[in-house]
1. Looking at region 910-947, which of its residues are among the polar types (S, T, N, Q) and under 38 Å from the mean Cα position of the chain (by Cα)?
2. Among the numbered criteria (1) touching a Gly at 6+ places or on another chain (Cβ under 7 Å); (2) within 16 Å of ligand 1 (Cβ to nearest atom); (3) of a type in the set (D, E, K, R), which one does ASP839 miss?
3. Only one of ALA26, ALA21, ALA15 is part of a loop (DSSP other than H, G, I, E, B) and touching a residue at least 60 places away in the same chain (Cβ under 8 Å). Can you tell me which?
4. Got a sec? Which of THR687, THR653 is within 31 Å of the chain's Cα centre (by Cα), surrounded by 15 or more Cβ atoms within 10 Å (Cβ to Cβ) and hydroxyl-bearing (Ser, Thr, Tyr)?
5. Find the residue count for region 747-789, including only residues that are more than 14 Å from ligand 1 (Cβ to nearest atom) and farther than 25 Å from ASP699 by Cβ.
6. Which of the residues belonging to region 818-857 are over 30 Å from CYS616 (Cβ atoms) and within 13 Å of ligand 2 (Cβ to nearest atom)?
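The values are calculated or read from the model by the stated rules, or taken from the named source; none is laboratory data. What you see is a predicted model, and the numbers here were worked out from it, not measured in a lab. Glycine gets a Cβ as well: all are built from the backbone with ideal geometry, and neighbour counts include every protein chain shown.
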Amino acid sequence: MLEFTTAQIAMGQVAVDKAAALDLLAARLVADGLVAEGYLAGLQAREAQGSTFLGQGIAIPHGTPQTRDQVFATGVRLMQFPAGVDWGDGQIVHLAIVIAARSDEHLSLLQQLTRALGEGDLAEALSRAESAEAVVQLLQGAPREMLLEERTIGIGVSADDFDDLLWQGARLLRRAECVDNGFAAHLQQAQPLPLGDGLWLLSSDQAVRQPGLAFVTPQQPLRHLGQALDGLLCLAAQGDAQQALLDRLCTLLIEGRGLELLRAGTVQGVLALLGGAVPDDWPSARIALANPHGLHARPAKVLAQLAKQFAGEVRVRLADAGAAPVSAKSLSKLLGLGARRGQVLEFSVEPGFAEALPVLLKAVEEGLGEEVEALAPLAPLPLVPDAADSAPLAPVAGSVIKGVAAAPGIASGPAHVQLLQHFDYPLRGESPALERQRLDAALARVRDDIDELIQRSDVNAIREIFITHQEMLADPGLAEEVERRLRQGESAAAAWLAVIDSAARQQESLQDALLAERAADLRDVGRRVLMQLCGLSETPEPKQPYVLVMAEVGPSDVARLDPARVAGILTARGGATAHSAIVARALGIPAVVGAGEGVLLLASGTALLLDGQRGCATVDPASDQLEKALAERELRAQRQRAADARRLEPAVTRDGHAVEVCANIGESAGIEAVVAQGAEGVGLLRTELIFMAHPQLPDEATQEAEYRRVLDGLDGRPLVVRTLDVGGDKPLPYWPIAKEENPFLGVRGIRLTLQRPKVMESQLRALLRAAGDRPLRIMFPMVGQVEEWREARRMVDRLLEEIPVADLQVGIMIEVPSAALLAPVLAAEVDFFSVGTNDLTQYTLAIDRGHPSLSAQADGLHPAVLNLIDMTVRAAHAHGKWVGVCGELAADAQAVPLLVGLDVDELSVAARGIAEVKAQVRALSIEQARTLARQALALGSAGEVRALVEMH
Ligand code: PEP
Ligand code: MG
């Protein structure tokens, strides 16, 4: 494992720029014999692919896979640059950690840095550090955690005596990179401590890198110093990191349960006894505590006694406290929970002892020997609903499932239900050779499947996803770890899942949005292999066009879809403004989302009739219903054809009020087709999609070419460009952004670009250069404060002196309620507003637009949102400024009359919706629309607003 020592650090270095810094770093690696001269090219190539800036003034330059053969020995060297080096985009590096490694060792290094990166202003501290010791201390951050995991448990290892067993324990700790080679020797010097029941403990704090515990049991019974030797705990001690674990061990011994450790028989069993976490497969159930004084001594004693009646382990925790569970058999632990009346207890029991759960729940419900007044609403709540009354019911034939209209259109076809599968497999394998064979066969099949997907896909971004999956399958690091487990006797499925899970967790723990995505990919491809190993296969796709039914369709799931095969999409969760719904609309697949868990109980093959406009699906429709719907589809198609025929004409109401109808786009290609679909301009160019389409941050010239292409295609029509809107939930692969607890409330949109002014300036320059004398409108996303707008505006003004543009307007998006409420102030300064109803709705109603169960309620026709739009329009018009709406609401058939009635000047929608929106505007009278809008503003819910529109 790579780690930091003072000897690796060169303090007080100076480099004029990044290139000079890379030269210095490479020279140091060469001088120390770690790499060949050619490694410098690797460092440069890696930076060209994407900056290695990590945050907090730290960069971790390393080579590329192509220069791995230039590495003689793995190692790191650190250079402090007190004056800083610009690592690109204005990111200043004060400490460069250059890595010489042949594989992904930098990930372990990142993990070590995670704590330090989360602390205060590290960059500043690093720039001011005066000694190498100080730098090491800064990098170490808070003290390290105790390692106790599957890798450090060895059941039934081959050992002839105490020393053999000790050596096996030390070896596990060495492999887990807790200790250095000398640890075993130190352990041999330590005094062995008999714990009773044949258990022994040995401990040393010498040659320890990270505190950890190994537990080994011998294949055959052994004796040591005249006593039984059935299990040995080897502790790599450091400070007081092991205290909590030793406490748990003591409790176990005091309770006379030491033997359980030896009888556990499985790695998971041992971990469950020693570790804090409860394995996922333990049955669990929750109940609210009703005792007036909480879980005090008397009821706790009753509970502990009851729990002790069960031979298996019983754990309990406070469900909402996030703390580790404790043994329900320990009175002191129960008291330590400090559970109060009303708090929810979560019980977990070892598999095989599930009968304990109802007994425990009943006892708690009855007050554990005390009189209690029931907490009716919080009565026993099974974690996994299995009670018939709380379980969703399968929709019956003829029933109509209600959901959220996510993409318009009528679709019919058999349901193709795709559920996340449950895996069942033995933990121990038959023999390592057999398990290896099974795994190889499963991997080969998955590789073939992915190859086919790569061949089939003609969209680059989709192909890339699958190529990454292939690379993951070929990762030698994973293979090595799996092999080690197979040799220890695990089954192929158990070994594979453990390794994938641990690698994914490692990436998730790095607090980096991109790595978290990689972890999701890893789990995805891991699941495919596991399916093969467990003999499961996906339900075959129906031959005819079908309706895909899933719990939730993520954007990458949509990427797998073939619009020719998928007639419609029906999901249990999700809302209309989730990005997956936007993708479905873009692909033209009718979709109903957020229809409830019941849809997952539909049998594959059940006939479905889905109406993506009304947001409903009929199960097994009667033939006359189907005919009627198909006739309606035809009618809609006719209407669409009529609308299409007039798509190039302006949208003017019956009484002569014109509304501009523009297109939302995310790429420069195909702009001519957008104009041909009737766009009077582009109302929203999502530039982050252009950035995402490039493998690295597009430079100014590349961006200029992209924007020029759009302006050329628009041929004099206006272009409204939104500056880069990334951060939080929308990461850029090459732009490391720290993972945030609440990304939607974090550093996104203008907040991010103002923090990286170089990126913003380069985008603005590219835009101004591309514009010439064409009408260019620039707007900033996520503005919530007037200062944000002013700072951005100043930047534009400064650049305009350098690059004049004849027809430029600068405005902001109204996506945050504070901006709408400040509209009277902002309207005096901006040239226009564009309302992003997707975000405005989520922030106004405090509902995450992608929330699995709530986003269905995030309806932009909520009167609260309409009132904010109304305020915005009135403020803008008072200052002679215009207002557009570019969120999904602008294309919602029920919203169009209201937005027009609120006097919105421009509607910007996906290109395929333009003709229809224009046709709708033409059918309106502005005066009637205004009256309708005033009525809607006074209502209390989105449902009432929709009913009002429906009535007219
Ligand atoms: C919006 O929020 O309404 C919007 C148009 O922006 P996006 O959907 O890209 O966040
Ligand atoms: Mg938005």
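1. From region 910-947, those among the polar types (S, T, N, Q) are 920, 925, 928, 931, 935, 941; that's our starting set.
SER941, the sole residue that qualifies.
2. Failing condition for ASP839: (1).
3. From the options ALA26, ALA21, ALA15, the qualifying one is ALA15.
4. The match here is THR687.
5. Counting residues in region 747-789 that are more than 14 Å from ligand 1 (Cβ to nearest atom) and farther than 25 Å from ASP699 by Cβ gives 6.
6. Step one: list which residues in region 818-857 are over 30 Å from CYS616 (Cβ atoms), which gives 818-834.
Within region 818-857, ALA819, SER834 meet the criteria.
Okay, residues lined up against (1) part of a helix (DSSP H, G or I); (2) out of contact with any Phe, Trp or Tyr (no Cβ under 9 Å at 6 or more places or on another chain); (3) closer than 19 Å to ARG614 by Cα:
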| residue | (1), (2), (3) |
| --- | --- |
| ARG874 | yes, yes, no |
| GLY880 | no, yes, no |
| VAL883 | no, no, no |
| ALA890 | yes, yes, yes |
| PRO897 | yes, yes, yes |
| ASP903 | no, yes, no |
| SER908 | no, yes, no |
| GLY913 | yes, yes, yes |
| GLU916 | yes, yes, yes |
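Residue-by-condition table, conditions (1) surrounded by 24 or more Cβ atoms within 10 Å (Cβ to Cβ); (2) basic (Lys, Arg); (3) away from ligand 2 (no atom under 16 Å from the Cβ):
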site	(1), (2), (3)
GLY884	yes, no, no
GLN894	no, no, yes
VAL900	yes, no, yes
ALA910	no, no, no
ARG922	no, yes, yes
ALA947	no, no, yes
